[in-house]
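Where a number appears in this text, it was derived from the coordinates with a stated rule and is not lab data. Keep in mind that this is a model prediction, so the values were computed, not measured. No Cβ is skipped: glycine too gets one built from the backbone with ideal geometry, and neighbour counts run over all protein chains shown.
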Amino acid sequence: MSPQVQREKPPYRQIADHFKQQIVDGKLSPGDSLMSERQIATEWGVSRSTATKALAALRTEGLIAARQGAGTVVSDTRSLHRSVHDRYGTVRRTGRIYSPGQYARITDAALVPAPEDVAAALELASDATAIRRHRVTYNAEDQPLACSTSWFAGDLAEVAPLLLESERIRQGTAAYVEEMIGRQMRQGQDRIAARLATAEELQELALPDPSAVLVTLHTVWDEDDRPLSYEEGIAPPERWTTYDYPISAG
């Protein structure tokens, strides 16, 4: 069945998002060829100019490039930073947390006194404990791509004991917590800023000193507006992520 253009987004953006998702999910790998403009126009039932605009959007995001003799191919996606939103989408669609070739090492999993910012984000008492899980994500060449620290209320240690294990949770941390405590994720918020990397981040991400990093503070709430988790994600420089959104008049 041919893909269908919907009306909530411009047609070119829907086409670009379709191919972007295939790249993020690993269905299209670096070096794979994409459809030509003519093929996209025929497959999606749009004009050639719309197909051209879709490919231009992917090219601007660094996802595809022209290669002599091969047409348009998928670029090396190591420069693509996958946001938390991207990871949730990948898990829901494919059951995988990471793109093919990527993996994570859990370097720390412990019950510790909750830092002030964590206690505030999770609405904990000032003397409460919290579960800390720290991970570093790598590509197939064992190059570090990002690091992150997830935080959960300390009282989850009894009902979700795998949070304290230094092993990757197969279905993903968020899905595991949902399953064990019976609360569903309903809302997320990302706060994003740049700063200089700490000494630990320089070492984990193999960065020169000094280096800037992109910091994402991610909070998730359940259906009753209670915080479920809080995460600090660190991405090295020169990695791109893209956010698309409608703009309404008035």
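Points worth noting:
- When the Cα atoms of segment 151-203 are aligned to their principal axes, the ranges along those axes come out at 38, 27, 22 Å in descending order.
- Dipole magnitude for segment 101-235: computed about the Cα centre from +1 point charges on Lys and Arg Cβ and -1 point charges on Asp and Glu Cβ, it is near 260 debye.
- Cβ-placed point charges (K, R +1; D, E -1), dipole of segment 11-79 about Cα centre in debye, nearest 20: 160
- Extension gain, Asp225 back to Ala128 (0.36 nm per residue minus Cα-Cα distance, nm): 32.9 nm
- Kirkwood analysis of segment 101-235, using all unique Cα-Cα pairs, places the hydrodynamic radius at 15.6 Å.
- Reachable lysines from Lys9, criterion Cα separation under 21 angstrom, eight or more residues apart if same chain: Lys20, Lys53
- Our compactness index for segment 11-79, the C-alpha radius of gyration over the empirical 2.2 N^0.38 Å, is 1.01.
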